[in-house]
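One structure is given here, and the rest of the page talks about it.
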Amino acid sequence: MTAAALLLSVACLWPVAAHADDSRLRWPVSPRPPVTRGFDAPSPNWNRGHRGVDLAGAPNQPIYAAGPGTVVFAGILAGRPVVSLAHPGGLRTSYEPVQTAVRPGQTVAGGQLLGTLLAGHPGCPVAACLHWGAMWGPASNADYVNPLGLLAETPVRLKPRGG
């Protein structure tokens, strides 16, 4: 009876664990790059901050979708080439400066090529840097988050209630 209960418990938990792993992100650059500038949450959202992380790269390096989603923007924004994805559950990620290989409305898989990295990201200490951003909700009322905390390899840390 104990073995049956254990088997049932594992069977019930298996789909949840698989879904949790599928919802986590992967690095958009391979191999894993150094972070040249970290996330600095603006507070409130319209104030100064760094709404993502800058990852060291090289010009023409492939940039990949961090997770499955739909391309919601691929073009020039504020003078920079940007690709933005909407992921299941309300997460959005952005990648710049990227010469796009995708188009708005296109569905992409995690790890699928989005385009190639371009040089010219302001403040980049190497030949090219990818600015990778993440936010929950629509851009007009976004909650910016550190994309590094959404990576599959980042351990999940639970906070105590009310903490």
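Those residues that are exposed (fewer than 15 other Cβ atoms within 10 Å of the Cβ) and under 11 Å from Tyr64 (Cα atoms), I need them from region 98-110; list them, please.
Of everything in region 98-110, just one residue is exposed (fewer than 15 other Cβ atoms within 10 Å of the Cβ) and under 11 Å from Tyr64 (Cα atoms), namely Ala109.
Collect the residues in region 112-154 that are more than 19 Å from Arg37 (Cα to Cα), modelled with pLDDT under 90 and not hydroxyl-bearing (Ser, Thr, Tyr), keeping them in residue-number order.
Just the residues of region 112-154 that are more than 19 Å from Arg37 (Cα to Cα), to begin with: 112-116, 136-143, 152-153.
Among the residues that remain, those that are also modelled with pLDDT under 90 are: 137-143, 152-153.
Result: Gly137, Pro138, Ala139, Asn141, Ala142, Asp143, Ala152, Glu153.
If you go through region 49-94, how many residues are touching a helix residue (DSSP H, G or I) at 6+ places or on another chain (Cβ under 8 Å), closer than 15 Å to Arg24 by Cβ and buried (at least 19 other Cβ atoms within 10 Å of the Cβ)?
Here the count works out to 4.
Please tell me if Asn47 is at pLDDT below 95 and among the polar types (S, T, N, Q).
Against the criterion (at pLDDT below 95 and among the polar types (S, T, N, Q)), Asn47 qualifies.
The values are calculated or read from the model by the stated rules, or taken from the named source; none is laboratory data. Keep in mind that this is a model prediction, so the values were computed, not measured. Glycine gets a Cβ as well: all are built from the backbone with ideal geometry, and neighbour counts include every protein chain shown.
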